[in-house]
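The values are calculated or read from the model by the stated rules, or taken from the named source; none is laboratory data. Quick caveat: nothing in here was measured; it's all calculated off a predicted structure. No Cβ is skipped: glycine too gets one built from the backbone with ideal geometry, and neighbour counts run over all protein chains shown. For the accessible areas, the whole protein counts, side chains as well, though only heavy atoms, and no ligand, DNA or RNA atoms are used. Shrake-Rupley method; radii C 1.70, N 1.55, O 1.52, S 1.80 Å.
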Amino acid sequence: MAIPHPIVTIVGSLRKESFSLKIANALAKLAPASLKLDVTTLHGISFFNQDFEASPPADWLAFRDKLQKSNGVLFVTPEYNRSIPGVLKNAIDVGSRPYGKSSFLGKPVGIISNSPGPLGGVSAAKHLQNILPGIAGPILGQPEVYLNAVGDAFDDKGALTKEALQKVLQQYIEAYAAFVERAHK
Ligand code: FNR
């Protein structure tokens with residue numbers, strides 16, 4: 001059997017009980033054998049500052065290295081004020097440099113937004129679709145996934161219990177796996 005594609009699965013929230021983190025963990029379990037999801041939170045990534053580009057901090061280098069060694073990047077993010085959280089934008093800025101050498105280049109991208117509210121974080125997902133094309137690989141267009149009402153989807157251990165949500169995630173991760181296979185043929 002082929003070695004599974006390593007997929008950096010970036011969680012857009014730092015919150016301990018984050019729904020995004022729980023969704024990323026659920027995806028890691030639902031993923032087919034062709035993918036290995038590495039659930040990655042953004043704790044410890046320093047603020048991007050162009051002054052540090054000549055001598056980047058170790059945490060930037062480690063994050064870039066992880067991205068470069070991956071075969072794809074999957075974003076699981078909440079929406080903050082109709083956009084992506086600042087920590088996520090910061091990490092994307094860090095990964096996108098040095099100029100012309102983005103660590104996201106060529107990586108097939110998946111985007112899953114979510115919200116306990118009714119709109120599923122759709123604006124955050126759309127903003128990612130604006131940000132990424134110049135610095136990343138192709139973005140999976142279909143299926144589109146904006147998960148709403150995620151607040152009652154998990155048990156007290158953080159496991160996904162909402163069947164409808166499980167189904168959507170299963171469909172998405174299978175489509176993303178096929179997308180990654182195509183990108184690495
Ligand atoms: C939010 N929340 C939110 N929800 C939404 O659907 N659209 C939005 O624009 C916002 N804006 C927003 C701003 C800020 C600063 C916070 C803290 C929260 C609510 C958000 O979806 C909710 O807190 C989620 O639980 C955050 O995601 P995690 O941490 O559970 O992954």
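So the check is Cβ under 6 Å with 6+ separation or different chains; which pairs have a first residue in region 43-67 that's polar (S, T, N, Q) and a second one that's assigned to a helix (DSSP H, G or I)? That search, which allows pairs on different chains as well, returns Ser46/Asp59. The single condition among (1) away from the ligand (no atom under 16 Å from the Cβ); (2) at positive phi that Gly120 does not meet is (1). On the stretch given as region 140-185, residues that are among the hydroxyl-bearing types (Ser, Thr, Tyr) and either at pLDDT below 95 or open to solvent by 50 Å² or more (accessible area, probe 1.4 Å) (or both) total 2. Look at region 78-100: where a residue is under 19 Å from Ala24 (Cα atoms) and a partner is more than 16 Å from the ligand (Cβ to nearest atom), sitting 6+ places away or on another chain with Cβ atoms under 7 Å, you get Ala91/Ile45; Ala91/Phe63; Ile92/Ile131.
In region 153-179, the residues that are within 20 Å of Pro118 (Cα to Cα) reach residues that are assigned to a helix (DSSP H, G or I) and of a type in the set (D, E, K, R) with C-beta atoms within less than 8 angstrom, at least six apart or across chains, in these pairs: Ala153/Lys22; Phe154/Lys22; Leu160/Lys22; Lys162/Asp152. Taking the conditions (1) surrounded by 15 or more Cβ atoms within 10 Å (Cβ to Cβ); (2) modelled with pLDDT under 95 in turn, Gly137 satisfies each one other than (2).
Within region 43-76, the set of residues being within 14 Å of the ligand (Cβ to nearest atom) and surrounded by fewer than 20 Cβ atoms within 10 Å (Cβ to Cβ) comprises just one member, His43. For the condition within 16 Å of the ligand (Cβ to nearest atom), over 16 Å from Asn90 (Cα atoms) and touching a residue at least 24 places away in the same chain (Cβ under 8 Å), what is the one hit in Val39, Val11? It is Val39. Scanning region 14-24 for residues that are free of Cβ contacts under 8 Å to residues at least 60 places away in the same chain and surrounded by 22 or more Cβ atoms within 10 Å (Cβ to Cβ) gives a single hit, Ala24.
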